[in-house]
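The values are calculated or read from the model by the stated rules, or taken from the named source; none is laboratory data. Here the structure is a predicted model, which is why all the values come from computation and not from measurement. A quick note on method: Cβ atoms are made from the backbone with ideal geometry, for glycine too, and the neighbour counts reach across all protein chains shown. Heavy atoms of the whole protein, side chains included, go into the accessibility calculation; ligands, DNA and RNA do not. Shrake-Rupley method; radii C 1.70, N 1.55, O 1.52, S 1.80 Å.
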Amino acid sequence: GAFVTSPTFSEIIQAYELRGKLEFIAAKESIKYLTEEDYSTIKEIIENEKLALADKNSEIFVNVNKDFHVAITKKCNNKFLNEFIERLIIQTNIYLILYDEFFNNNEQEPYSPDEHSHIISLMEQKKVTELEIALENHFKHSIKSIENGFNDYKELDEIF
């Protein structure tokens, strides 16, 4: 009785665009509450992300990627916003595993650790306008990487 649905590329874009908007709202509010200890923890997460990407370990990567985003957004102190964001992170992590070209292309360089470092730097400096642009670009980059893998993806009925 189980079945699997494949998202359309339009649905993937919708999920990432919504996630980007919600994460900006949360990050903007979180700036008020993040401590030096929080920033140190987030920077350690980025180091773990680099290791996961160097090993091309998608399972560890999606977990540390989630840890990075949740470490920022949870500080907004809005239970409902956090629940929506976490749900979207879980959904978009599925898209990362299935379609992100990085894990299937040995020549692809990782981009997220540098982008995450830039995002944190902007938050530390409380540069909200630049933060919005950086987050928007970060999610656009994710969409582009997934689009490349999505176009190469084959449905089961195409394989068999």
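The table for this structure:
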{"item": "Residue list for segment 46-86, restricted to those being among the charged types (D, E, K, R) and part of a helix (DSSP H, G or I)", "result": "47, 49, 50, 59, 66, 67, 74, 75, 79, 83, 86"}
{"item": "Residue 49 being under 25 Å from residue 107 (Cα atoms) and modelled with pLDDT of 95 or more", "result": "yes"}
{"item": "Filtered residues of segment 125-139 (kept if under 22 Å from residue 8 (Cα atoms) and either without any contact (Cβ under 8 Å) to a residue 24 or more places away in the chain or not in a helix (DSSP H, G or I) (or both))", "result": "137"}
{"item": "Unique residue being over 19 Å from residue 134 (Cβ atoms), at pLDDT 95 or above and of a type in the set (Gly, Ala, Ser) when the list is 40, 30, 58", "result": "40"}
{"item": "Qualifying positions in segment 18-40 - in contact with a helix residue (DSSP H, G or I) (Cβ under 7 Å, 6 or more places away or on another chain) and farther than 21 Å from residue 79 by Cβ", "result": "39"}
{"item": "Residues of segment 99-119 satisfying the condition of being at pLDDT below 90, open to solvent by less than 50 Å² (accessible area, probe 1.4 Å), of a type outside the set (Phe, Trp, Tyr) and not in a loop (DSSP other than H, G, I, E, B)", "result": "101"}
{"item": "Residue list for segment 44-62, restricted to those being farther than 19 Å from residue 92 by Cα and acidic (Asp, Glu)", "result": "44, 47, 55"}
{"item": "Filter result for the condition that a residue is more than 23 Å from residue 144 (Cα to Cα) and open to solvent by 20 Å² or more (accessible area, probe 1.4 Å), over 66, 28, 56", "result": "28"}
{"item": "Selection count, segment 3-43, where residues are closer than 17 Å to residue 91 by Cβ, assigned to a helix (DSSP H, G or I) and polar (S, T, N, Q)", "result": "2"}
{"item": "Test for residue 44: is it acidic (Asp, Glu) and farther than 21 Å from residue 24 by Cα", "result": "yes"}
